[in-house]
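Step one of this worksheet: look at the structure below.
The values are calculated or read from the model by the stated rules, or taken from the named source; none is laboratory data. Please read these numbers as outputs of a predicted model, since none were measured by experiment. Every residue, glycine among them, receives a Cβ derived from its backbone with ideal geometry; neighbour counts consider all protein chains shown.
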Amino acid sequence: MAAVDAQQSLALFTLPHVAVALVTYWILATAYKLLTAPTPPTSIPWMGYGKGWIAGFRNFTAVTKSKEWLTTGYEKYSRRGNVFVLPPTLGMAAEIIMPPSQLAWMFDQPDNVLSTSEAHYEFLVGDYSFVEPIILQDPYHEHVIHKHLVRNLNAVIPELEEEVPYAVADVYGTDTENWKKVDVLQSFMEMIPTLTNRMLLGKSVCRNRDFLNAVLAFTMDCVRNQGVMFIVPTTLHPVVGRLLSLASKYHYWVSSRFTLPLIKQRIADIERKDAGNPEYKSWKEPNDFITWSYRTAKAEGRTAEMQPDRIAKRLMPINFASIHTTSLTAYETLINILLAGPGVIEPLREEAHRILQEEGGWTKSGLSRMHRTDSAIRESQRAAPISLTFAHRKVVAKEGITTPEGIHVKYGTLLSCPWTHLAGDHDLTERPEEFDAFRYSRPKEEYEAMSAEQKEGVDMLKLKQSGLVTTSPTHLPFGHGRHAW
């Protein structure tokens, strides 16, 4: 009898039975997540299939509908100054889409009310993707970059001027006789780590292909982790997340074999210099992220941020952000410029050659005069947005927050901007369906050709706000507000 019972029990553990059990568990766990996740007020209009758990499950599986829903909501509600809800699909959180008229209010809210870092932490699966949760919980690397990069551009630009020809030759080769088939996006993803790490770490590491492969693999680990974790039930995150994190931890470990010795030596050199060691009298500390990070942490009393392993780990999210977004931006820009033809390519070449000759090399002032290039990149960001929504903020005030139109939003809810539709709004941009490479440079070149008397009637603020890196509620590729890159 016992043998029969054992055989019957084993019969339950066939592959079909196990598969059915797993699918059933996934459905029940996903439904539980949908029912218990922070949800926007039901008084707000919802796109998609409506509200309720049945509609929620239909929304969850409608992976191709988000753009259509966003378009409908923008035309129906955003243009009237009202918010609406973009439903969650495939594990993503529901988003309250803020209309253009309320974006300035959203960006003005303090971090203890609406948090950028909390939104990023959730999106990027900060518990498991970046070696340690603290790396995204407290994004100190962003603080360091904001504080030092712009003021040190004059020192950084010559380094990049030297590195760009090497990176281009390394990826594309130097054969001028034969055609070569190239995956454009992949080529940028291989090239950009070299340039990024010349600024972060200097020449000694940035050309090491084993190191570059490690940071590129780490970036792809994070992208994969994000996609997988969105569809995994929350109850399984501790298990699945830890398994997925093994790959990113391994690739960090590989990269640290190159970065940690460099960081430790730099800290030792700085300390000897500061201690007045006569052997270091003529030693000049390199102007890179290692120095910036250590010096800033020391000045601010952030002991943990002065440790070599912490600085090494801080390098990973910077590489992730640089490789991923810069590659996409560079790809879209190049494709748009090439498709636009000689009428765009030749003026860009003329501008680059003229300014290079006038400046005698690449300089901060010279780059600031490259209005056509600046415009072409900004126009590409507008014409080909890399995300439907952007500049996310998470409600972190325990009591919630009330929007300008009087809607109370609970703790944990996500707010965002309809970037794709702002970029294509006829009320904000003339002929938005066209790629006009010189849309933003034309007024600047016209201004430069004016007489002093004519220039007096020009709105200089509007002219300055049309630059690539000048953020605004209607130009969001670098974010906006205190946390803009």
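Determine if the range 331-341 includes at least one residue that is of a type in the set (D, E, K, R) and farther than 23 Å from PRO193 by Cβ. No - not one qualifying residue is present in the range 331-341. None of GLU190, GLU142, GLU163 is surrounded by 14 or more Cβ atoms within 10 Å (Cβ to Cβ), over 18 Å from the mean Cα position of the chain (by Cα) and either under 30 Å from GLU285 (Cα atoms) or at pLDDT 90 or above (or both) except GLU163.
Tallying residues that are surrounded by 18 or more Cβ atoms within 10 Å (Cβ to Cβ), part of a helix (DSSP H, G or I) and not small (Gly, Ala, Ser) within the range 423-457 yields 1. Within the span defined as the range 314-326, one or more residues are assigned to a helix (DSSP H, G or I), among the aromatic types (Phe, Trp, Tyr) and crowded, with 20+ Cβ neighbours inside 10 Å. Scanning the range 193-228 for residues that are surrounded by 21 or more Cβ atoms within 10 Å (Cβ to Cβ) and modelled with pLDDT under 90 yields a single hit, ASN225. Hey, does the range 415-422 have a residue that's exposed (fewer than 15 other Cβ atoms within 10 Å of the Cβ) and either β-branched (Val, Ile, Thr) or more than 17 Å from GLU95 (Cβ to Cβ) (or both)? Looking for residues that are exposed (fewer than 15 other Cβ atoms within 10 Å of the Cβ) and either β-branched (Val, Ile, Thr) or more than 17 Å from GLU95 (Cβ to Cβ) (or both), one finds none in the range 415-422, hence no.
Taking the range 193-229, which residues are among the charged types (D, E, K, R) and either under 20 Å from the mean Cα position of the chain (by Cα) or assigned to a helix (DSSP H, G or I) (or both)? Result: ARG198, LYS203, ARG209, ASP210, ASP221, ARG224. Quick check, is ALA297 touching a residue at least 24 places away in the same chain (Cβ under 8 Å), crowded, with 16+ Cβ neighbours inside 10 Å, out of contact with any Lys or Arg (no Cβ under 9 Å at 6 or more places or on another chain) and of a type in the set (A, V, I, L, M, F, W, C)? No. Per the listing ASN197, ASN152, the residue uniquely touching a helix residue (DSSP H, G or I) at 6+ places or on another chain (Cβ under 6 Å), over 24 Å from ILE335 (Cβ atoms) and not β-branched (Val, Ile, Thr) is ASN197. Would you check if THR402 is of a type in the set (S, T, N, Q), over 16 Å from the mean Cα position of the chain (by Cα) and under 19 Å from GLY81 (Cα atoms)? Yes, satisfied. All conditions in (1) within 22 Å of HIS141 (Cβ to Cβ); (2) assigned to a loop (DSSP other than H, G, I, E, B); (3) among the aliphatic types (A, V, I, L, M) hold for VAL182, with the sole exception of (1). A single member of ARG393, ARG349, ARG378, ARG295 is farther than 30 Å from ARG272 by Cβ, among the basic types (Lys, Arg) and more than 20 Å from the chain's Cα centre (by Cα), and it is ARG349.
Of all residues in the range 364-397, those satisfying the criterion of being within 14 Å of CYS417 (Cα to Cα) and in a strand (DSSP E or B) are PHE390, ALA391, HIS392, ARG393, LYS394. What is the number of the single condition among (1) touching a helix residue (DSSP H, G or I) at 6+ places or on another chain (Cβ under 6 Å); (2) modelled with pLDDT under 85 that TYR25 does not meet? That leaves (1) as the condition not met.
Of the numbered criteria (1) under 30 Å from GLU132 (Cα atoms); (2) out of contact with any Pro (no Cβ under 8 Å at 6 or more places or on another chain), the one ASN319 fails is (2).
Per the listing GLU177, GLU132, the residue uniquely without any contact (Cβ under 8 Å) to a residue 12 or more places away in the chain, outside any helix (DSSP H, G or I), surrounded by fewer than 20 Cβ atoms within 10 Å (Cβ to Cβ) and of a type outside the set (Gly, Ala, Ser) is GLU177. Assess whether LYS264 counts as being within 26 Å of the chain's Cα centre (by Cα) and closer than 26 Å to LEU195 by Cα. Here the answer is no, as LYS264 does not meet what is asked.
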